[in-house]
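What follows is calculated from the coordinates using simple rules that are stated; it is not laboratory data. These numbers come from a predicted model, not from an experiment. Note that we place each Cβ from the backbone using ideal geometry, even for glycine, and neighbour counts take in every protein chain shown.
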C-alpha cells in the first residue's frame, strides 16, 4: 500500500514537473499579508496562519535522508494571498520557484538540491485547501536505483 501511494505521489511530481510556466514575479499578486505558522511535519515548508492541518488526509515518510509526504490544510483564505505568501516565504527556506500553473486550482512547483515540493491551492468559496506534496527530485531517484543495483551485485 505504501509503495503504491509513493508511486502515485512520484507520478504526480513527474507530470507536474513537465509543465512549463512563467516564473517571473507577477505584479498582479500583492505582497503577502499572511504570516507563517508552525508546520505539521516539515519545518522547512511554511504554512499560513489560520490554516488547520487535516491529519486524516495527510501522510509523511522519512528514511535515510529521503522525505515524502502529502500534507493537507484547510481554512479561510484568498488564493492570491496564499500564492503571494508562498512566493515570498519559500525562498527564505532555500526553495526556488520553478513554475505556477493556474486553471481553477493553482499549483506552485518549488525545488532545491534534492527535493521537489508541489503546493496545490483549491479555493472553494471563502475557504481554501492547501495540499503540500514533498518528495525527492526524479534525478535523485535514478541515482538511488543505480546505487542499489551496485549494492545488489
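How far apart, in nanometres, would the label points at residue 49 and residue 137 be if each is projected 7 angstrom from Cα along the Cα-to-Cβ direction?
Output for this residue pair reads 3.4 nm.
Would you order 126, 133, 57 from fewest to most other beta-carbon atoms within 10 Å of each residue's own beta-carbon?
With the fewest neighbours first, 126, 133, 57 line up as 126, 57, 133.
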